[in-house]
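The values are calculated or read from the model by the stated rules, or taken from the named source; none is laboratory data. It should be emphasised that the depicted structure is a prediction, and the values quoted were computed from it without experimental measurement. When we count neighbours, we look across all protein chains shown, and the Cβ atoms used for this are built from the backbone with ideal geometry, even at glycine. With ligands, DNA and RNA removed, areas are computed over all heavy atoms of the protein, side chains included. Shrake-Rupley method; radii C 1.70, N 1.55, O 1.52, S 1.80 Å.
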Amino acid sequence: MRIGYFLSCEEYTPAQLIEQAKLAQDAGFQGLWISDHYHPWNDAQGQSPFVWSIIGALSQVVTIPITTAVTCPTVRIHPAVVAQAAATSAVMHEGRFVLGVGSGEALNEHITGMRWPVAEERLEMLEEAVEVMRELWKGEFVSRRGAHYEVDQARIYTRPETPPKVYVSAFGPKAIEVAARIGDGYISVMPDGDLVKQFREAGGGDKPVQGGFKGCWARTEERAVETAHRLWANSGVPGELSQVLPSPRHFEQASSLVTPEMTKDAIVCGPDPAGHAAQIKAYREAGFDEVYVANIGPDYAELIDLYRREFL
């Protein structure tokens, strides 16, 4: 199983993200994930740079593969524009770019004032968006009027030799069926072997499966739990709330129900590598091909060094 590093755009400045990417590559990480947000989950996280600018900058400092985890190509940005951004990214990264997509969260997608669709409609939109992007990546002029998207005489001129792979994030049975049907790979943030099995049996076959989790390095476990809870208590917000809450303020309200103990159970905290080893093992045993770890808090260089020494 390949081990990669997860760049959290919600928490770090562009310069810090680029620094982490260079440190991760030098340490031996085999790939990068990068989140795509308009807002952070809460004000304490405090950042949210435009992901496509960061991806372009990363092409000048790293040569390991990079995957968006994940982009929503349906509401905030038209899929024809995402198709151009992904094609340019693939060119700049010399084919090492993967477009990870998902059905999105209201937190990021409602900002233009468009209605936030129900889950089933969002899946329909995602499937059509992937169709639009793949058609544009062929390099011909495209005009089409679908159920959700219209494209008028559009052509992408800057394209990689091979179209970008599209990996699809999914959690429920309907979403997994869509991911297996339209995706070149599958993305999940739960080490759940049943989900992987469902994906493969629904048509995913031997396509790559990526997973990810968060850790918080600090000199003591107690300090790490405090940092993780202050910045990422939203990780404990249950069910569909993460898809429907519209602003960081609402996530802060919902996160007030999450206790430090709940955060400690959800996030690997402290300097001990044992917790990370357990998470890596869980993803491996669940059948994942790649797993990506994100750091929480200021001590990302220490977490990257821990992985260099213990795992890479």
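Below, the figures for the structure above:
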| item | result |
| --- | --- |
| For region 39-74 versus region 238-261, the gap between their alpha-carbon centres in whole angstrom | 22 |
| Where Rh is the Kirkwood radius over Cα pairs, Rg/Rh for region 64-151 | 0.97 |
| Label point 7 Å beyond Cα of residue 121 along Cβ direction - residues of region 61-103 with amide nitrogen under 13 Å | 75 |
| Solvent exposure of region 1-101 as accessible area per residue, Å², 1.4 Å probe | 32 |
| Mean Cα-pair separation over length for the chain, i.e. relative contact order, pairs under 8 Å, 6 or more apart, % | 21 |
| Qualifying trypsin sites (Lys or Arg not before Pro) in region 1-106, DSSP loop, other Cβ atoms within 10 Å at most 15 | none |
| DSSP bridge pairs, the chain: antiparallel proportion in percent, nearest 5 | 10 |
| Residues whose placed amide H lies under 5 Å from that of residue 139, excluding near-sequence neighbours | 156 |
| Accessible surface of the chain [probe 1.4 Å, protein heavy atoms]: carbon and sulfur percent | 50 |
| Volume per residue of the C-alpha convex hull in region 1-49, rounded to whole Å³ | 72 |
| Degrees separating the helix 173-182 axis from the principal Cα axis of the chain, which is the longest one | 60 |
| Between 0 and 90°, nearest 10: helix 274-285 axis offset from the chain longest Cα axis | 40 |
| Average projection area in nm² (convex hull over Cα atoms of region 86-207, one quarter of hull surface) | 8.6 |
| Cβ-derived FRET efficiency at R0 30 Å, residue 247 paired with residue 310, nearest 0.05 | 0.20 |
| Mean residue ellipticity (222 nm) of the chain, computed from DSSP H runs ≥ 4 via -39,500 (n - 2.57), nearest 500 | -12000 deg cm²/dmol |
| Global size of region 24-117 as Cα Rg and Dmax, reported in angstrom | 14.0, 44 |
| Heavy-atom surface of region 219-280, accessible at 1.4 Å and reported per residue (Å²) | 54 |
| Unit Cα scatterers, Debye sum, the chain: log10 I(q)/I(0) for q = 0.07, 0.11, 0.12 Å⁻¹ | -0.25, -0.65, -0.79 |
| Nitroxide proxy distance, nm - points 7 Å out along Cα→Cβ at residue 155 and residue 240 | 4.3 |
| Over 27 Å between alpha carbons, listed pairs 22/264; 138/197; 22/138; 197/281; 22/165 | 22/264; 138/197; 22/138 |
| For region 200-270, the spread of Cα positions along each principal axis, largest first, Å | 43, 32, 16 |
| Relative compactness, region 185-312, computed as alpha-carbon Rg over 2.2 N^0.38 Å | 1.14 |
| Coil-residue GluC sites (Glu not before Pro) of region 145-223, DSSP, other Cβ within 10 Å capped at 11 | 161 |
| Nearest-ten-degree value, helix 14-27 long axis tilted from longest Cα axis of the chain | 70 |
